[in-house]
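The structure appears below as structure tokens.
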Amino acid sequence: MEVANARNHASKRKFEDIVSPSSPPPAAASSNGFDVNNNINGIDLSLLEAVEKSQSSVEVLDLKALKKLVLAFERRLKDNIEARLKYPNQPDRFADSEIELHEELQKLKVLAGAPELYPDLVNLNVVPSIVDLLNHDNTDIAIDVVQLLQDLTDEDVLEDNDEPARVLVDTLVENSVLELLVQNLHRLSDSDPDEMAAVYNTLATIENLIEVKPAVAELVCEKTKLLKWLLGKIKVREFDGNKQYASEILAILLQNSTANQKRLGQMNGVDVVLQAVAMYKSKDPKSSDEEEMVENLFDCLCCLLMPLENKERFVKAEGVELMIIIMKQKKLAYGSAIRALDFAMTKYPPACERFVDVLGLKTAFAAFMGKIPISKKNKKERYQEDMEERIVSLISSLFGGILRGSRRDRLLSKFVENECEKIDRLMELYMRYSDRVKAETERMEQLQLDDFEMDEDEKYNRKLESGLYTLQLIAVILGHIWCSEHPQMRARIELLLKQNRLGKNDIKDILQEYHDNIGDLDGPEEKERAQAKIQKFISAL
């Protein structure tokens, strides 16, 4: 089974595009008397205002103009600090300096139009001052900084500016931007539209930082309580745009990090994610955004199920039973439940045993026979193929995890019932995937005739992409069935091979290629054990 697929993110949307229709629109004025989130129809008016103001005094954004902007910002910051120290209990005496500081932060947004100046911005030593404002007593000033950081690190802005982006992001991280962003998150409320937008912008900034510096994904989990905050967010029953984005950020953090997967598991994360997906066991999401959130939650679950200790937590939390219930309900999450079971049962016999004990075989083999629920959203041919491949992987895991006893007998009996119809289906899939792999092999041979060079690894990977991995799993299942020495099943396999002008040697060839390409990712001993199992099938055939 492959690791979780790399996530292909669409371009990030404005908060207003994803906020729930039931949520009130962001207010024009903040509680502190000035506009913080001045957006209309997706247009950031504060940014336009900053551009207009900067154009009146600065015609070209160069180093000289940058120094002017920084100097003006530092002057307003100094004024604000002095006013707050002098009149700590008289807000009206420092309100003007706060408004002026706000305006200077808005003007700094124009720097997003010149990312090549980011190293100069760093050299002017203004980044620590900007980041420290995330701690400002006035939440609206902190919100200004979040918006500024989001603009400066936006993926569209940083495109083709890799080095300046790295310089800025490294400096931000060195100046505790991760800790302060997450600390600020905890004082933002979902009941205030401006603060709700700031939550979204904070998550967007964290995603931007990860895009530039992937190590941030583990750093932010080590240094802050972001994982705890995200878990709290996905626990909430009501759907909104920030819950959706929280699920997406959580999936990104778990995607390529075993450390984060284990860390979240220790925080009761498996149970929390199961509770979040359980809300959709008998109902479908109401919108495309909510649907995307459910997919994100299942992505989180599948990533969590990679470390062995989390598979154990999944079984203890009755995750196997929940996934079977979701499959039986035949709602939109049906395919995602199969995927989660596939991850849970791979190289983990206790999950396979629990699956058989709670009568999962009937549900799984219904899917194997093609009885997959179809809706308008998932009627595409590729969805059907994905489900076929997942269920083949799941059955292969069952055979690998249940080696003897009554459970093994129950699994094998599925291939005998109804005149061996499951073997007929298995051979139907075998022929289809075999034809695909042959077609890809012929295509590669033609490319080589046309002087297109490919090494052996590239050839093998292209065959895997065309369906070789699923074909190999089907051959492994056939190997398990053959080694059972059941005369009726053996006779059926031989008959179907003969009808398709094939022999056992064809299956052996596929198993041999599989045997020769087993990697040592899980260590040399595991590789040797896996190869010995495949060699046993080859010898038996």
*Name the pairs whose Cβ atoms lie under 8 Å apart, with the first residue in the range 316-328 and without any contact (Cβ under 8 Å) to a residue 40 or more places away in the chain, the second in a loop (DSSP other than H, G, I, E, B), and 6 or more positions between them or separate chains?*
Glu321/Val358; Ile324/Val358; Ile324/Leu359
*Across the range 399-435, what is the total count of residues that are small (Gly, Ala, Ser), open to solvent by less than 30 Å² (accessible area, probe 1.4 Å) and touching a Pro at 6+ places or on another chain (Cβ under 9 Å)?*
1
*asked:* Looking at the range 78-97, can you tell me whether even one residue there is surrounded by 16 or more Cβ atoms within 10 Å (Cβ to Cβ), of a type in the set (Gly, Ala, Ser) and within 30 Å of Pro164 (Cα to Cα)?
replied: no
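Please tell me if Glu513 is charged (D, E, K, R) and either farther than 30 Å from Tyr348 by Cα or surrounded by fewer than 13 Cβ atoms within 10 Å (Cβ to Cβ) (or both).
no
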*Which condition breaks for Asn296 when tested against (1) open to solvent by less than 10 Å² (accessible area, probe 1.4 Å); (2) part of a loop (DSSP other than H, G, I, E, B)?*
(2)
*Look through the range 453-465, keep the residues that are assigned to a loop (DSSP other than H, G, I, E, B) and either open to solvent by less than 100 Å² (accessible area, probe 1.4 Å) or of a type in the set (Val, Ile, Thr) (or both), and return whichever of them is modelled with the highest pLDDT.*
Asp455
*asked:* Given the condition without any contact (Cβ under 8 Å) to a residue 40 or more places away in the chain and open to solvent by 20 Å² or more (accessible area, probe 1.4 Å), answer yes or no: does some residue in the range 263-279 qualify?
replied: yes
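Take the range 436-452 and flag every residue that is open to solvent by 70 Å² or more (accessible area, probe 1.4 Å), more than 19 Å from Asp506 (Cα to Cα) and part of a helix (DSSP H, G or I). Can you show your working first?
Taking the range 436-452 first, the residues open to solvent by 70 Å² or more (accessible area, probe 1.4 Å) are 438, 442-443, 445-446, 448-452.
Next, from what is left, pick out any that are more than 19 Å from Asp506 (Cα to Cα): 443, 445-446, 448-452.
Correct list: Arg443, Glu445, Gln446, Gln448, Leu449.
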*Is there a residue being open to solvent by 50 Å² or more (accessible area, probe 1.4 Å), at pLDDT 95 or above and not in a helix (DSSP H, G or I) anywhere in the range 45-61?*
no
*Which residue out of Met369, Met387 is open to solvent by 30 Å² or more (accessible area, probe 1.4 Å), under 33 Å from the mean Cα position of the chain (by Cα) and within 24 Å of Ala337 (Cα to Cα)?*
Met369
*Which listed residue, of Leu111, Leu69, is farther than 27 Å from Val182 by Cβ, surrounded by 22 or more Cβ atoms within 10 Å (Cβ to Cβ) and in contact with a Leu (Cβ under 7 Å, 6 or more places away or on another chain)*: Leu69
*Among (1) open to solvent by 20 Å² or more (accessible area, probe 1.4 Å); (2) at pLDDT 90 or above; (3) of a type in the set (Gly, Ala, Ser), where does Ala475 come up short?*
(1)
_Unmet requirement for Glu291, which otherwise passes all of (1) closer than 25 Å to Thr224 by Cβ; (2) open to solvent by 10 Å² or more (accessible area, probe 1.4 Å); (3) assigned to a helix (DSSP H, G or I)_ = (1)
*Examine the range 472-495 for a residue that is in contact with a helix residue (DSSP H, G or I) (Cβ under 6 Å, 6 or more places away or on another chain) and assigned to a loop (DSSP other than H, G, I, E, B), and state whether such a residue exists.*
yes
_For the range 246-262, which positions are assigned to a helix (DSSP H, G or I) and either open to solvent by 10 Å² or more (accessible area, probe 1.4 Å) or polar (S, T, N, Q) (or both)?_
Ser247, Glu248, Ile252, Gln255, Thr258, Ala259, Asn260, Gln261, Lys262
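Would you point out the residue of the range 523-532, among those that are in a helix (DSSP H, G or I) and free of Cβ contacts under 8 Å to residues at least 12 places away in the same chain, that is nearest to Asn505 (Cα to Cα)?
My answer is Ala532.
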_Would you confirm whether or not the range 299-317 contains a residue that is buried (at least 21 other Cβ atoms within 10 Å of the Cβ), among the hydrophobic types (A, V, I, L, M, F, W, C) and not in a helix (DSSP H, G or I)?_
yes
*Check off (1) under 29 Å from Asp162 (Cβ atoms); (2) part of a helix (DSSP H, G or I); (3) modelled with pLDDT of 85 or more for Ala72 and give me the number that stays unchecked.*
(1)
*Among the listed residues Asp120, Asp160, which satisfies the condition of being acidic (Asp, Glu) and at positive phi?*
Asp160
_Looking at the structure I just gave you, is Leu322 open to solvent by 10 Å² or more (accessible area, probe 1.4 Å), under 27 Å from Gln255 (Cβ atoms), among the aliphatic types (A, V, I, L, M) and at pLDDT below 95?_
no
*Which condition number does Thr153 fail, the rest of (1) touching a residue at least 60 places away in the same chain (Cβ under 8 Å); (2) closer than 15 Å to Glu207 by Cα; (3) not hydrophobic (A, V, I, L, M, F, W, C) being met?*
(1)
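The values are calculated or read from the model by the stated rules, or taken from the named source; none is laboratory data. Just so it is clear, the structure is predicted and the values come from calculations on it, not from any experiment. As a convention, Cβ positions derive from the backbone with ideal geometry for all residues, glycine included, and neighbour counts pool all protein chains shown. Protein only, heavy atoms only, side chains kept; ligands, DNA and RNA dropped before computing areas. Shrake-Rupley method; radii C 1.70, N 1.55, O 1.52, S 1.80 Å.
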